[in-house]
Structure formats: structure tokens, C-alpha cells
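Any read-out appearing in this document is the output of simple, stated calculations on the displayed coordinates, not a laboratory observation. Just so it is clear, the structure is predicted and the values come from calculations on it, not from any experiment. Every residue, glycine as well, gets a Cβ built from its backbone with ideal geometry; the counts of neighbours run over all protein chains shown.
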Amino acid sequence: MNFEAWADAVEGRAPYRFTLEQLLANIRILDAVTRSAAAGGKPISL
Amino acid sequence: MIRIGIIGLGWWGKQIVACLADSPRFKVVAGCDIDTAMAAPFAAARKFDLVGDYKALLARTDVDAVAVVTPHLLHEEMAVAAFAAGKQVFCEKPLALTTASAERILAACAKAGTVLGIGHERRFESAMEEMRRLFESGALGRVLHMDANVSHNNFRKMDPSNWRRDPRHAPAAAWTALGIHLGDMFVSFAGKPVRVAARTASQIFPAPAEDFVSAEIDFENGARGRITCLSTPPFYGRLPWCVTKVGSKSRKAAMSTRESHRVLSTAGRMGADRAATSGMPTRYG
């Protein structure tokens, strides 16, 4: 279903369900999880 | 019909080829893997052209789109090159391993004006769709807290030299395999994250290999979240997938498979329950 949704967006039929802001926010979390864990659980402000 | 090339023909790349085989929307015309000897029988059986260098795949005019299904550290280089070549790009998760890397990919996407797809297919699972419907209907009220635990030991069986067990590609225990899907889910429900605190541990794996990660995430709208992933509990077919959302009006838990808390502790019982309930998603609450 994800590939179908992507195909719809590629062909201009519908916007893709994942916004670029969401994709970036999820990687900001991953980046912070890695850095926080490496620092023993220190909170990271984004 | 979108003519697609698959970059990376390991376990998941082959899965994607199989998944697209019957699609009326896609035709797999080419594939790429640095291990052409490994990939050649698969490419022949699936009737697509095989190359050993992804740049040769990007140079083809009969390829409209590519799926990047390679070890995580390679995603940025390949996605950026694909955008520069004017291709539509579907990238497996995680999109990137650092914020700066993700920003470079998104900048290349914006410049190319094509569409970036991402391998977070779990958003489309029926229990998660139902959770979204409840959320958007207002039945939950304001989301106060989200809690998720997704854990399995599938990668434990892999050879320790596999890149999926290499912390350069897969930092923070199972985050890039499991937690990343939950991060996507939480962001889709709660928006912008503003603070993260996470711990990892080596509970059973010999250090420095990590098998535990748990993170608290605060969101700008005041919602809180906790995501925990262990790499050691037994895998039993489909992934257990439990997300609980506590709203100001009600509380809902969604599980995308058949299990309940009652059987989560016993692998044998889980197998029995799976057989008895035929794999339909269940919603609790």
C-alpha cells in the first residue's frame, strides 16, 4: 500500500502521506536518541 | 506504469521486487548489487537487468524511479545521486542516520522536484489506520501520552558481521530496525519533537553490542511519548506491535497482530493464539 501511495504521488494523483517535515522530524529523533544514549541518557533539546 | 530500478538486492531488496511483481503500477526493469554473482540468479528468474554499479542504473533512461535498499550509511549518497539524475526515489528506512544527512537528502529532493517515498509501511496497517481514524474524529481528545514497545530477536540470528548488527549502520540497539517505525508513528500523531532522552543497555548481548533502547520524547504540543525496543524476545511470525495512546477523553491500545498482554510472556501460547485467530488485526479498548 505504501508503494501504491507513492505511485499516486509520483503520478500527481494525490499528495504523498509522509510529509518532508515528518521524515525530518523522525530522523531528528533518531539522531537525538543516539546522542542521548551515548551520553548516558542526557536529555537533548531539538 | 512506473519503471523502477532496485538498488540493493539483499533480503529486503528481494522482498520489494517480489512485492512489486504483481503491481499494475510498477515494472522492475533493472536492479543493482555489488555482489552480482549472488544477485544474478534472482535477476534472471525475475527477468530484470542486473548491474553492479548503482551509477550505471541511474544513467539508464528507461528507469523512472529507484528504490534505495542498501545498508543505512549508503542511503544519502545514493538518494542524492538519484535525485540529481532526475529519478523518483523510494528510500528504505531510516532515511538517514543524522539530521544533517536527512537535510541534505531533502534539499536534493526539493531541488529535483520529484517525490521521496519512505519505507514506513507500518503506518498503513489496519490497527494503526483505525487509531488514526479515532484520533482524527476527536474521540480520543487531546493526546497526552503515547507508549510503544516493539521487540524481537530476528537480527540476533544473523551473523555478527552482518551490517544490520554494525552500530555504524544501526546505532542505538534496535532503533533503526524497530524504533524508527514508532518514531514515524508518533510524529504523525503528535507533530514536532522538542526533547529526547534515551538509554541503551547490553542486557544479554555481550557489550559493546546493545540489545535494549528506551526513549522519552516530548512534543511541542505537550504530548509525551515513550518508545522501548528490545532485541532479545522471541520472534513469532509477524511482529508484535503495540501502541497505546492516552487522550484527555479516552484511552486506546492498538495491536496490529493477534496477541494480547495475556500471551505476550509465553512464546508457545503466542503460537497457539496465532493459529487460532488467523492473523486478523485486533483493536482493544
Requested in this report: Using a 10 Å cut-off on Cβ atoms, rank the peptides B:151-160, B:188-197 from the highest mean neighbour count down.
Outcome: B:188-197, B:151-160
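Here is the link list: A:Lys42/B:Lys111; B:Lys27/B:Lys55; B:Lys27/B:Lys93; B:Lys87/B:Lys157. Which ones come out longer than 25 Å on Cα distance?
A:Lys42/B:Lys111; B:Lys87/B:Lys157
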Query raised in the report: Which of the listed residues, B:Cys229, B:Leu95, B:Gly13, is farthest toward the dipole's positive end in the protein assembly as shown, when Lys, Arg count +1 and Asp, Glu count -1 at the beta-carbon?
Result: B:Cys229
Query raised in the report: Dipole magnitude of region B:126-166 about its Cα centre, charges +1 at Lys/Arg Cβ and -1 at Asp/Glu Cβ only, in debye to the nearest 20?
Result: 140
Requested in this report: Pop out the ³J(HN,Hα) list for region B:54-65 in order, Karplus 6.51 cos²θ - 1.76 cosθ + 1.60 with θ = phi - 60°, rounded to Hz; leave Gly and Pro as x.
Outcome: 5, 5, 5, 5, 5, 6, 6, 7, 8, 10, 7, 9
**Report entry** Cut-off under 5 Å, modelled amide H: who pairs with B:Phe26 long-range
**Finding:** B:Ile2
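Could you give the size of the charge dipole of the protein assembly as shown about its Cα centre, using +1 on the Cβ of each K and R and -1 on the Cβ of each D and E, expressed in debye and rounded to the nearest 20? Could the numbers behind the result be given before it?
Details: 42 positive and 32 negative charges, 176 e Å.
Here the size comes out at about 840 debye.
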Query - Folded to 0 to 90 degrees: helix A:20-38 orientation relative to chain A principal axis, Cα - result: 20
Query raised in the report: Over all residues in B:188-196, what is the mean tally of Cβ atoms on other chains that come within 10 Å of each residue's Cβ?
Result: 5
Report summary line: Percent relative contact order for region B:2-119, counting Cα pairs under 8 Å at least six residues apart, stands at 23
Report summary line: Bridge orientation stat for the protein assembly as shown from DSSP, antiparallel percent rounded to 5, came to 55
Report task. Could you work out the mean count of beta carbons from other protein chains within 10 Å of each residue's beta carbon in B:56-66? Result -> 0
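Using only DSSP helix segments of four residues or longer, with each worth -39500 (n - 2.57), what per-residue ellipticity at 222 nm results for the protein assembly as shown after dividing by its residue count and rounding to 500? Don't skip to the end; give the middle numbers.
Details: 10 runs with 112 residues, N = 331.
Result for the protein assembly as shown, helices only: -10500 deg cm²/dmol.
Any idea what the relative contact order of region B:76-166 is, in percent, if you count C-alpha pairs under 8 Å spaced at least 6 apart?
On the way: 60 pairs, mean separation 20.9, N = 91.
The value is 23 percent.
Please compute, for peptide B:3-10, the average count of beta-carbon atoms on other protein chains lying within 10 Å of each residue's beta-carbon.
Values: counts 0, 3, 0, 0, 0, 0, 0, 0.
Taking all residues of B:3-10 together, the mean is 0.
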